[in-house]
Amino acid sequence: RDIKYAFLSETNGIERQLLAMIRYIIAEDAAVDRDFSHPAVLKVAQVAKKVGREKHRMEAFIRFRLNRDAVYFAAIEPDFNVLPLIKTHFKSRYADQKWIIYDLRRNYGLAYDLKEVTFITLDL
């Protein structure tokens, strides 16, 4: 989970930290994914925690507006790329209505049509 969350953080240099962490995990016989004395493991855990907080914030505070097409729309600008992480939450919570959550900063979003959630881009 931490690797996925850290990757989605889009933090500068996080790819190198992830590589160092993965190399360290593979090189050791024991489980070291929580060995915070290793700089890469610590950095990945710290970044993943920030992304997790952002995910939770988006799940709690996104508010929709009903548009003319009877689709609920929410425009967001999260610090991190959390759309892939909140997809399941919104699909289950708002399963009875069509909705779009659009990340203005990254210019893509999620659209739910009462059957499936798809990633979309809009011409803004």
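The values are calculated or read from the model by the stated rules, or taken from the named source; none is laboratory data. These numbers come from a predicted model, not from an experiment. Cβ coordinates were reconstructed from backbone atoms using ideal geometry, including for glycine residues, and neighbour counts include every protein chain displayed.
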**Asked** For region 68-124, how many residues are in contact with a Leu (Cβ under 9 Å, 6 or more places away or on another chain), closer than 21 Å to Lys55 by Cβ and of a type in the set (A, V, I, L, M)?
**Response** 13
**Asked** Do we have any residue at all in region 13-34 that's under 20 Å from the mean Cα position of the chain (by Cα) and surrounded by fewer than 11 Cβ atoms within 10 Å (Cβ to Cβ)?
**Response** yes
**Asked** Which pairs have Cβ atoms under 6 Å, sit 6 or more apart or on different chains, and link a residue in region 29-40 that is under 15 Å from Ile3 (Cβ atoms) to one that is at pLDDT 95 or above and polar (S, T, N, Q)?
**Response** Ala40/Gln17
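A quick yes/no check of all residues on (1) surrounded by 16 or more Cβ atoms within 10 Å (Cβ to Cβ); (2) in contact with a helix residue (DSSP H, G or I) (Cβ under 7 Å, 6 or more places away or on another chain):
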{"position": "Ser37", "(1), (2)": "no, no"}
{"position": "Met58", "(1), (2)": "yes, yes"}
{"position": "Asp79", "(1), (2)": "no, yes"}
{"position": "Leu83", "(1), (2)": "yes, no"}
{"position": "Arg93", "(1), (2)": "no, no"}
{"position": "Asp96", "(1), (2)": "no, no"}
{"position": "Asp123", "(1), (2)": "no, no"}
